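Visitor: There's a structure below that I have some questions on.
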Amino acid sequence: MSAHWFFFSACRQDADDLPPSVTITAPSSNLPDYAFGEDLYAAFSCTDGVELSQWTYRLTDESGTLRASNGYQTIGGEALSFEANFVQPLEDVQWPSGDYTLAVFVRDAAGNEGAAFKTIRYYEAPLERTAVFLLREVTGQIVIDSLDTTTNDFTEAYSTSGNISCATTGNIEQEVVIGGRTQAQLWFSPHPDLGQFTSYVGQNPLQDVFVRDLYRDTSNLRYVAALADGNIREFEQGGSLVNTIAVNELFLPEQVAVTNEHCVSSLRSVGQNNRNLAIYFRNTGTLINSYTLQGDVVAIEGFTSDRLIAFINKDDGTVDALRYDPATQTLVGTGWLVSNSPLRTALHLGDGRYAVAHDEGVAFHNFVQGTFQPAAINSIAANDLAYDPVSGSVFAIDANSVVQLNPNSGMLMQQWMVGQGPKAIEVLLNK
């Protein structure tokens, strides 16, 4: 009996591997431009040989950061062609100027994805001053006064029980951060609802000044606080604790500042007067180096994106400015002639410019260009300083007044007599 073999064959239709064809029909012009506060109106059309299933749009900036998207939307009705439009409000003050990429993606039922792209030019929100806050301490009360732009006067905006050592602001978060003096607390007060604050409560075992310094890290949007519990702590918006650096148990941190990778802090020994400048790896808290100082660090301020300047009142009566160089992890003497008398505080204004306060007044230095406006021009013995880049001016407080100074001339622009107990002056910007 012979065997018979039967062979069967079948033709399989080729699987669809062609993406949908997508065209952005609006905006139709080449490199259209938009400004903050406007709406981006866009429209697109698409076709495919099989059923279309989903679509989405994405708007990314020059660095590739995704700024807006609607997520994938369903296309119903077994459509082989589809048209849609959408509006993207351009209302986020954090978006930078630049050439943005608008992309529309469409998928078909087989999972193929087609795309179309359009470049638009975006102009960011102008820098604006949101508020100027004067923080005062009056008989166990923290008082926040705000500069009223209509009356051009400081009026009380909010008060609560507590005491003040220092303050700072978060422009992106639109909040004021207040550090307690003997009260082991930091208040995070949102603008304009200043009373809706949150807080961090710590321990102050030595009943010393609790918040010894506050530094605003604009690159990482964090607040860095030197605390009397022997730690340097980093906070995000609303007081969320994100990092802690424990200093030597025999020392307390005083002034503090950070770069992306490093933390620099002045330390003072508990119950004595030994002073160091310590450098830590920021993320791990590991001590890199420690330098013995013969003087008191008054302020640690920025210089470039990764360099810091420590202003020091030396025991011999002179003033020094040391630069921290992260490339070599060393301190370098700048040779700057900062002052002939002890400093009260110092503030970086950007581009190598500094406001330096001492008993004779507030001096203004441009150490890059070598220009100088002496303190005697204004004679304001300032206890705190704040920079307003919108007007290009510096606000300062003394024992009973707020003044506005012109850094280019050193001269007084305005002066306000205020209530008792001024402790800090802060400028809040829109971004």
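The values are calculated or read from the model by the stated rules, or taken from the named source; none is laboratory data. Computed from a prediction, not measured in an experiment: that's the story for all the values here. Here the Cβ positions follow ideal geometry from the backbone for every residue, glycine too, while neighbour counts run over all protein chains shown. Accessible surface areas use protein heavy atoms only, side chains included; no ligands, DNA or RNA. Shrake-Rupley method; radii C 1.70, N 1.55, O 1.52, S 1.80 Å.
Visitor: Got a sec? What order do His262, His191 fall in by accessible area at 1.4 Å, biggest, i.e. largest, first? Don't skip to the answer; put the middle values down first.
Guide: Details: His262 5, His191 55 Å².
Largest accessible area first, the list is His191, His262.
Visitor: Can you give me the solvent accessible area of Trp336 with a 1.4 Å probe, rounded to the nearest 10 Å²?
Guide: Accessible surface of Trp336 is approximately 50 Å².
Visitor: In addition: At 1.4 Å probe size, with no ligands or nucleic acids counted, give the accessible surface of Asp384 in Å², nearest ten.
Guide: 30 Å²
Visitor: Roughly how many debye, to the nearest 20, is the charge dipole of the chain about its Cα centre, given +1 on each Lys and Arg Cβ, -1 on each Asp and Glu Cβ, and no other charges?
Guide: In debye, rounded to 20, the chain gives about 980.
Visitor: Quick check on the range 350-431: take the gyration tensor over C-alpha atoms, sort the square-rooted eigenvalues as a ≥ b ≥ c, and tell me if it's rounded (a/c under 1.5), prolate or oblate.
Guide: Values: a/c = 2.00, a/b = 1.28, b/c = 1.56.
Verdict is oblate for the range 350-431.
Visitor: Can you send over the carbon and sulfur percentage of the accessible area for the range 45-133, probe radius 1.4 Å, protein chains only? The partial results should precede the final answer.
Guide: Working: 1890 of 4350 Å².
Here it works out to 43 percent.
Visitor: Enumerate the residues in the range 239-271 having an amide nitrogen under 18 Å from the point lying 7 Å beyond the Cα of Gln196 toward its Cβ.
Guide: Counting only backbone N, you get 239-240.
Visitor: Size of the dipole of the range 122-218 about the Cα centre, Lys and Arg at +1 and Asp and Glu at -1 on the beta carbon, nothing else charged, in debye to 20? Let's see the in-between values first.
Guide: Values: 5 positive and 13 negative charges, 66 e Å.
Roughly 320 debye for the range 122-218.
Visitor: For the range 104-253, what class follows from the C-alpha gyration tensor (a ≥ b ≥ c being the square roots of its eigenvalues): rounded when a/c is under 1.5, otherwise prolate if a/b is larger than b/c, else oblate?
Guide: Oblate, since a/c reaches 1.5 and b/c is not below a/b.
Visitor: If you don't mind, another one. Once phi is turned into θ = phi - 60°, what whole-Hz ³J(HN,Hα) does the Karplus curve with 6.51, -1.76 and 1.60 give for every residue of the range 355-360, x standing for Gly and Pro?
Guide: With coefficients 6.51, -1.76 and 1.60, one gets 9, 10, 9, 9, 4, 7 Hz.
Visitor: Then there's this: What's the extension gain from Phe36 to Thr119 if we count 0.36 nm per residue and subtract their Cα-Cα distance? All intermediate terms of the calculation are to be shown ahead of the outcome.
Guide: Numbers: separation 83, 0.36 × 83 = 29.88 nm, distance 1.64 nm.
Additional length available on full extension: 28.2 nm.
Visitor: Label Thr130 and Asp99 with points 7 Å out from Cα along Cα→Cβ: what is the distance between them in nm?
Guide: Label at Thr130, label at Asp99, 3.3 nm between them.
Visitor: Need the C-alpha centroid separation for the range 318-349 versus the range 199-245, integer Å.
Guide: About 24 Å separates the Cα centre of the range 318-349 from the one of the range 199-245.
Visitor: Sticking with this one: How high is the FRET efficiency from Val138 to Thr25, r the C-beta distance, R0 56 Å, rounded to 0.05? Numbers along the way, then the final one.
Guide: Working: r = 63 Å, r/R0 = 1.13.
Using R0 = 56 Å, I get an efficiency of 0.35.
Visitor: How many Å² of accessible area per residue for the chain, probe 1.4 Å?
Guide: On the way: 20500 Å² over 431 residues.
Accessible surface, normalised per residue, equals 48 Å².
Visitor: Considering only protein heavy atoms and a 1.4 Å probe, what is the carbon-and-sulfur percentage of the accessible area of the range 256-404?
Guide: C and S atoms contribute 46 percent here.
Visitor: Arrange the residues Asp48, Asp33 by how much accessible surface each exposes, largest first, with a 1.4 angstrom probe. Mind dumping the intermediate values first?
Guide: Values: Asp48 25, Asp33 100 Å².
Sorted descending by solvent-accessible area, the residues read Asp33, Asp48.
Visitor: Take Glu91 and Val332, extend 7 Å from each Cα along the Cα→Cβ direction, and tell me the distance between the two endpoints in nm.
Guide: 4.8 nm
Visitor: Which sequence of Glu78, Glu254, Glu236 reflects their accessible areas, 1.4 Å probe, from the largest down? Don't jump to the answer; show the numbers that get you there.
Guide: Details: Glu78 135, Glu254 35, Glu236 70 Å².
These residues rank, largest area first, as Glu78, Glu236, Glu254.
Visitor: Taking Rg and Dmax of the Cα atoms in Å as the quantity of interest, determine which of (i) 25.4, 89; (ii) 26.7, 82; (iii) 29.2, 123 was computed from the displayed structure.
Guide: Among (i) 25.4, 89; (ii) 26.7, 82; (iii) 29.2, 123, the one derived from this structure is (iii).
Visitor: Using the Karplus curve 6.51 cos²θ - 1.76 cosθ + 1.60 with θ = phi - 60°, work out ³J(HN,Hα) for each residue of the range 30-41 in order, rounded to whole Hz, and write x for Gly and Pro.
Guide: Coupling constants for the range 30-41: 7, 6, x, 10, 9, 10, 3, x, 8, 10, 8, 8 Hz.
Visitor: So, one more: For Ala79, what residues show an amide H to amide H distance below 5 Å, using hydrogens built from the backbone and excluding near sequence neighbours?
Guide: Long-range HN contacts for Ala79: Leu52.
Visitor: Please give the solvent-accessible surface of Thr65 in Å², to the nearest 10, using a probe radius of 1.4 Å with every protein chain present.
Guide: Number for this one is 60 Å².
Visitor: How high is the FRET efficiency between Asn220 and Ser159 when r is their beta carbon distance and R₀ equals 30 Å, given to the nearest 0.05?
Guide: Numbers: r = 31 Å, r/R0 = 1.05.
Efficiency, from the Cβ-Cβ distance: 0.45.
Visitor: Can you tell me the relative contact order of the chain? Whole percent, Cα pairs under 8 Å, sequence separation 6 or more. Spell out each step's value before the answer.
Guide: Working: 1123 pairs, mean separation 43.2, N = 431.
RCO, the chain: 10 percent.
Visitor: I would also like to ask the following. Mean-square fluctuation check for the chain, GNM, Cα pairs under 10 Å: which of Asp16, Asp229, Asp145 is largest?
Guide: Asp16
Visitor: Using amide H atoms built in the peptide plane, which far-off residues or other-chain residues are under 5 Å from Asp148 H to H?
Guide: Under 5 Å from the amide H of Asp148 lie the amide H atoms of Asp153, Phe154, Thr155, each far enough along the sequence or on another chain.
Visitor: When the chain is modelled as a GNM with alpha-carbon springs shorter than 10 Å, which of Asn378, Asn260, Asn152 fluctuates the most?
Guide: Result for the chain, Cα springs under 10 Å: Asn152 fluctuates most.
Visitor: For the range 174-257, just say rounded, prolate or oblate: build the C-alpha gyration tensor, square-root its eigenvalues into a ≥ b ≥ c, call rounded for a/c under 1.5, and beyond that prolate if a/b exceeds b/c, oblate if not.
Guide: Verdict is oblate for the range 174-257.
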